[in-house]
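Notes for the one structure printed next.
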Amino acid sequence: MAAVSSGIHNVYNGIEDVLLSAAKDVDDYVPTDGSVHQDILDQRSAEIAGTRPALLEIQLYDALCEIKRFRHLVRHKYGFDLKPDKVVTNLELLKSAFPAFIDAVIRLERAMRNGDDHDG
């Protein structure tokens, strides 16, 4: 279970890195305070009229919030004492969230390239 948990942790870290990079490149703002992990999800789930559409729709946002919470557990329990059912649940969640995230990034890139400033 520790290896699977670590894999989930690492994939989520990659997703978060993409979110942070997109925030820097597109929004010209990257959250830096103590709640950065939640703030980046919140920021990327909000549309900015005249600039960009939301990257994360509510279902994907909710899934990533749950995986983020699990990642926190893995990080602070070091893979020890994790409940197998939580590991399996988060693995299944990641298996659906990751392709949805890739699709969302592609949609955002297309919208930005096509000049869709998403004025509402």
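At a Förster distance of 25 Å, what's the computed FRET efficiency of Arg69 paired with Ser96, Cβ-Cβ distance as r, to 0.05?
On the way: r = 17 Å, r/R0 = 0.66.
The formula returns an efficiency of 0.90 here.
Of Ile48, Ile67, Ile106, the sequence from fewest to most neighbouring Cβ atoms within 10 angstrom is Ile106, Ile48, Ile67. Could you work out how far helix 58-77 tilts from the main Cα principal axis of the chain, as a 0 to 90 degree angle to the nearest 10? With rounding to tens, the tilt is 40 degrees. In deg cm²/dmol, rounded to 500, what helix-only [θ] at 222 nm does the chain give when every DSSP H run of at least 4 residues adds -39500 (n - 2.57) and the total is split over its residues? Rounded to the nearest 500, the figure is -23500 deg cm²/dmol. Under 19 Å of direct C-alpha separation, and excluding same-chain neighbours fewer than eight residues apart, Lys95 reaches these lysines: Lys68, Lys83, Lys86.
Taking the beta-carbon count within 10 Å as an exposure proxy, list Arg44, Arg75 from fewest neighbours to most. If you can, show how the numbers build up before the last one.
Working: Arg44 24, Arg75 13.
If I rank by nearby Cβ atoms, fewest first, I get Arg75, Arg44.
Note on Phe101, Phe80: ascending count of other Cβ atoms within 10 Å places them as Phe80, Phe101, the fewest first. Pick out which of Arg71, Arg110, Arg52 has the largest mean-square fluctuation in a Gaussian network model of the chain, springs linking Cα atoms closer than 10 Å. Of Arg71, Arg110, Arg52, the most mobile in the Gaussian network model is Arg110.
If the chain between Val26 and Thr89 were fully stretched, how many nm would it gain, using 0.36 nm times the residue separation less the Cα-Cα distance?
On the way: separation 63, 0.36 × 63 = 22.68 nm, distance 3.27 nm.
Using 0.36 nm per residue and subtracting the Cα-Cα distance, I get 19.4 nm.
Charge tally for Leu82 (other residues, Cβ to Cβ under 14 Å; Lys, Arg +1; Asp, Glu -1): +4.
If you take the Cα atoms of segment 17-79, find Rg, then find the Kirkwood Rh from the mean of 1/r over all pairs, what is Rg/Rh? Could the numbers behind the result be given before it?
On the way: Rg = 12.6 Å, Rh = 12.5 Å.
That ratio is 1.01, to two decimals.
Whole-Hz Karplus values for segment 84-97 come out as x, 5, 5, 5, 4, 4, 6, 5, 4, 4, 5, 4, 9, 6 Hz, taken residue by residue from phi with 6.51 cos²θ - 1.76 cosθ + 1.60 and θ = phi - 60°; glycine and proline positions read x.
What the Cβ-Cβ distance of Asn13 and Arg110 gives, at R0 = 35 Å and to the nearest 0.05, is a FRET efficiency of 0.85.
Against the empirical 2.2 N^0.38 Å (N residues), segment 24-120 has a Cα radius of gyration ratio of 1.24.
Coordinate-derived values only; no laboratory data. These numbers were taken from a predicted model, which means no experiment stands behind them. Positions of Cβ are backbone-derived with ideal geometry, glycine not excepted, and every protein chain shown enters the neighbour counts.
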